[in-house]
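Student: First the structure, then my questions, so here it is.
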Amino acid sequence: MAATGVLDEIVDTARYPLESPDSVGWRTAVDAARADLAESGCTVLREFIRPELVETLRAQGEDMAPHAHYEVERVNAYNIPLDTELPQDHPGRIVLERGNAFVPRDRIPVDALIHRLYTSAAFQRFVADCFDLPELHEYADPLAGLCLNVVAPGMSHPWHFDTNEFTVSMLTQLPEAGGVFEYCPGIRSPHAENLADVRDVLTGSGERLIRKLELRPGDLQLFQGRFSLHRVSPVSGGRQRHSAIFAYTDRPGVIGTVERTRQLFGRVLPEHVAEDRLVRGDRLLD
Ligand SMILES: O=C(O)CCC(=O)C(=O)O
Ligand SMILES: [Fe+2]
């Protein structure tokens with residue numbers, strides 16, 4: 001069981017027994033994650049990475065951060081074109097500055113801890129069970145499947161919904177101040193955009209809807225970001241905030257659209273052009 005042995009070096013398997021799907025420990029961890037997800041669309045598996053590797057995790061992120069695509073961009077919470085025709089009071093008309101930058105998958109070394117986790121079958125099976133899914137697949141996208149999200153001082157990752165229904169992420173470096181993950185559990189559903197509440201959050205009067213998460217490097221976060229508006233608040237101090245984004249889908253072969261890929265990475269690959277016919281499972285914006 002070589003693959004299991006490798007994972008065992010990285011993950012605190014006493015607490016998260018990824019190699020033993022039938023164990024009490026597995027059930028306990030998965031049940032706790034499912035309860036949180038049902039309640040708020042978010043759960044944090046504390047100290048997922050072994051404490052002695054947290055500095056390696058941080059240093060590897062720091063090494064890859066210069067490969068991020070830096071370009072402050074004007075966006076809206078739905079990541080649809082700013083000239084989309086919308087009613088006067090639609091929150092999609094509110095323009096935000098996206099100042100975070102992504103290191104794409106093709107710039108992340110295959111032996112980096114985050115890459116080893118992302119591609120591990122045992123890890124994928126465990127995460128799928130937490131989401132109560134029969135299986136998960138790596139995003140087939142050569143850039144967006146695995147990213148390091150870099151938020152530099154003075155920047156933020158503004159309020160948005162994810163295209164992906166399931167997001168798995170891990171903070172690898174804390175900023176000195178700010179950079180808090182904030183989210184509005186279930187503010188929309190597959191059947192309702194709930195524009196009034198979204199507008200309240202975007203205009204600063206939605207405090208009642210917002211939760212703030214205290215993350216530490218090495219914690220694993222599972223999140224249903226398609227229905228929960230969320231952001232990383234502005235970072236301050238002298239240190240960037242880094243988080244790994246592990247993108248999975250419930251069906252194989254999913255690739256991002258040309259539009260979204262160019263927005264995030266500043267370039268597209270032939271795969272994006274060829275596959276620009278993604279069929280979504282719902283009719284929400286983006
Ligand atoms: O970096 C984070 O913690 C959140 C990132 C995020 O929301 C995203 O990449 O969609
Ligand atoms: Fe997101």
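The values are calculated or read from the model by the stated rules, or taken from the named source; none is laboratory data. Just so we're clear, the structure is a prediction, and the values are computed from it rather than from any experiment. Note: ideal-geometry Cβ built from the backbone for every residue, glycine included; neighbour counts use all protein chains shown.
Student: Looking at A33, A59, A38, which one is in contact with a helix residue (DSSP H, G or I) (Cβ under 9 Å, 6 or more places away or on another chain) and either surrounded by 13 or more Cβ atoms within 10 Å (Cβ to Cβ) or not hydroxyl-bearing (S, T, Y) (or both)?
Tutor: From the options A33, A59, A38, the qualifying one is A33.
Student: OK, next. Say we look at the range 215-225 and pick out the residues that are within 12 Å of the chain's Cα centre (by Cα) and farther than 20 Å from A77 by Cα; which of these is nearest to ligand 2 (Cβ to nearest atom)?
Tutor: Among those that are within 12 Å of the chain's Cα centre (by Cα) and farther than 20 Å from A77 by Cα, it is Q221.
Student: Given the options V75, V30, V44, name the one that is modelled with pLDDT under 95, out of contact with any Gly (no Cβ under 7 Å at 6 or more places or on another chain) and among the β-branched types (V, I, T).
Tutor: The conditions single out V75.
Student: Scan the range 175-196 for residues that are acidic (D, E) and surrounded by 15 or more Cβ atoms within 10 Å (Cβ to Cβ) and jot them down.
Tutor: Result: E182, E193.
Student: Here's another thing I want to ask about it. Can you find a residue in the range 14-23 that is touching a residue at least 40 places away in the same chain (Cβ under 8 Å) and either in a helix (DSSP H, G or I) or more than 12 Å from F126 (Cα to Cα) (or both)?
Tutor: The answer is no, given that none of the residues of the range 14-23 is touching a residue at least 40 places away in the same chain (Cβ under 8 Å) and either in a helix (DSSP H, G or I) or more than 12 Å from F126 (Cα to Cα) (or both).
Every residue, every condition in (1) within 13 Å of ligand 2 (Cβ to nearest atom); (2) surrounded by fewer than 23 Cβ atoms within 10 Å (Cβ to Cβ); (3) outside any loop (DSSP other than H, G, I, E, B); (4) of a type in the set (S, T, Y), yes or no:
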residue	(1), (2), (3), (4)
F227	yes, yes, no, no
R239	no, yes, no, no
H242	no, no, yes, no
F246	yes, no, yes, no
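Student: List the strands (runs of 3 or more DSSP E) inside the range 99-214, counting only whole elements, that have at least 2 residues being within 13 Å of ligand 1 (Cβ to nearest atom) and of a type in the set (V, I, T).
Tutor: 146-151, 167-173
Student: Out of the residues in the range 139-156 meeting the condition of being at pLDDT below 95 and either within 14 Å of the chain's Cα centre (by Cα) or acidic (D, E) (or both), tell me which one is nearest to N76 (Cα to Cα).
Tutor: Ranking the candidates gives A144 first.
Student: Does P217 fit the bill of being surrounded by 17 or more Cβ atoms within 10 Å (Cβ to Cβ) and either within 15 Å of ligand 1 (Cβ to nearest atom) or assigned to a loop (DSSP other than H, G, I, E, B) (or both)?
Tutor: yes
Student: For the range 106-121, check the following and say yes or no: at least one residue is exposed (fewer than 13 other Cβ atoms within 10 Å of the Cβ), within 19 Å of the chain's Cα centre (by Cα) and of a type in the set (D, E, K, R).
Tutor: Yes, the range 106-121 has at least one match.
Student: Sticking with this structure for a sec: What is the residue count in the range 59-95 for residues that are without any contact (Cβ under 8 Å) to a residue 60 or more places away in the chain and outside any loop (DSSP other than H, G, I, E, B)?
Tutor: Residues that pass the stated criteria total 6.
Student: Something else about it: Could you please find all residues in the range 39-52 being more than 13 Å from A244 (Cβ to Cβ) and of a type outside the set (S, T, N, Q)?
Tutor: Within the range 39-52, E39, G41, C42, V44, L45, R46, E47, R50, P51, E52 meet the criteria.
Student: Scanning the range 220-236 for residues that are within 12 Å of ligand 1 (Cβ to nearest atom) and among the polar types (S, T, N, Q), which turns out nearest to E165 (Cα to Cα)?
Tutor: Out of the qualifying residues, it is Q224.
Student: If you go through the range 173-206 one residue at a time, how many are under 21 Å from P217 (Cα atoms), touching a Lys or Arg at 6+ places or on another chain (Cβ under 7 Å) and within 16 Å of ligand 2 (Cβ to nearest atom)?
Tutor: 4
Student: Within the range 248-278, how many residues turn out to be in a helix (DSSP H, G or I) and either closer than 21 Å to A128 by Cβ or among the charged types (D, E, K, R) (or both)?
Tutor: 4
Student: Hey, another quick one. What are the pairs with Cβ atoms under 6 angstrom where one residue, in the range 30-58, is within 23 Å of R231 (Cα to Cα) and the other, located anywhere, is modelled with pLDDT of 95 or more and in a helix (DSSP H, G or I)? Sequence gap at least six, or different chains.
Tutor: Going by the 6 Å Cβ cut-off, the qualifying pairs are A33/C130; T43/A33; T43/D36; T43/L37; L57/L113.
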